[in-house]
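Since the structure comes first, as structure tokens, the remarks are kept for the end.
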Amino acid sequence: MTLPKLDYDQIASQYNQRYPEAQYWERGQALSALAKQVGAQTILEVGSGTGFWLNLLSQTGTKLFGLDYSMGMIQQAKEQPAPLSLTRGLGTQLPYRSASFDLVYCIDAIHHFGDHHAFIAEAYRILKPGGALAIIGHDPHEGGSRWYIYDYFDTVYDTDLRRYPAGNSVLQWMEQEGFQNIDSKTAEQIRSIHIGEAVLKDPFLKHNATSQLALLDEAGYRSGLERIHQALAHAKEENERIVFSSEIDVKIFLGFKP
């Protein structure tokens, strides 16, 4: 199965627009708590992007490492206040010695790695005994979540089903590789409502703010935007209130190396 790929070098300079400064990030708090739980001295983020999450972990006083395939993203991460050790590489072939890290994690990134099981195997290899792997992101295979982007942009939901591993598969692969105390839970609940034309100011609606929309060509993106404008116009004509809602459970999948 050939999966679509995104050139993050093209959108790296604008990618941080998805992280409003006023936002409270429960994912970051969950990571900080996990780092303290395992007494992490060395932490690696795979798919580290602009270094946003690593920078949040700088208060833990640990050595922070980031790996990303995009040099554009790495250049952005170099501008973070925290001192980061950054490397270009693949999530399925981690360029680190075995038993090097206390915590390995990825956030909203495993769907870019291609061979999801291979990443989990590599994470196990480079973790120290007692170390933890955390895979954080939403699972489009799981019912209950809604995202208006899926409703208005063709192919986006079906593409996500192909790109993202199902949560039960992630847990199964962790078990197969030897992880213990495996668990999954909700790390953050994203609940946002945009009423009427306020949706047009949603930063996640920009073409290059998420991989879901960035994978669309210009025609596909414009077509989805036009559907939103048509829905807005229809609601105005009918004097109706139209709501664009997002209800997404961000999961954390945990495993510990014995």
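Convex hull volume per residue, computed on the Cα atoms of the chain, equals 120 Å³. Note on the chain: helix-only mean residue ellipticity at 222 nm, from DSSP H runs of 4+ residues weighted -39500 (n - 2.57) and normalised by residue number, equals -9000 deg cm²/dmol. Straight-line reach from LYS36: taking Cα to Cα under 26 Å and skipping same-chain neighbours fewer than 8 places apart, the lysines in range are LYS63, LYS78, LYS128, LYS185, LYS251, LYS257.
Ligands, DNA and RNA are left out, and with a 1.4 angstrom probe the accessible area of the chain is 49 Å² per residue.
The packing ranking of peptides 238-248, 70-80, 45-55, highest mean first, is 45-55, 70-80, 238-248, where packing means the average number of other beta carbon atoms within 10 angstrom of each residue. For the chain, the share of DSSP beta bridges that are antiparallel, to the nearest 5, is 55%. For the stretch 137-176, the residues whose amide N sits under 13 Å from a probe point set 7 Å from the Cα of SER245 along the beta carbon direction are 144-148. Cα centroids of the stretch 212-258 and the stretch 62-114: how far apart, whole angstrom? Using only Cα atoms, the two centres lie 29 Å from each other.
The values are calculated or read from the model by the stated rules, or taken from the named source; none is laboratory data. All values reported here derive from a predicted model rather than from experimental measurement. Methodologically, a virtual Cβ is constructed for each residue, glycine included, from the backbone with ideal geometry; neighbour enumeration extends over all protein chains shown. Remember, those area values only see protein heavy atoms, side chains included, never the ligands or the DNA or RNA. Shrake-Rupley method; radii C 1.70, N 1.55, O 1.52, S 1.80 Å.
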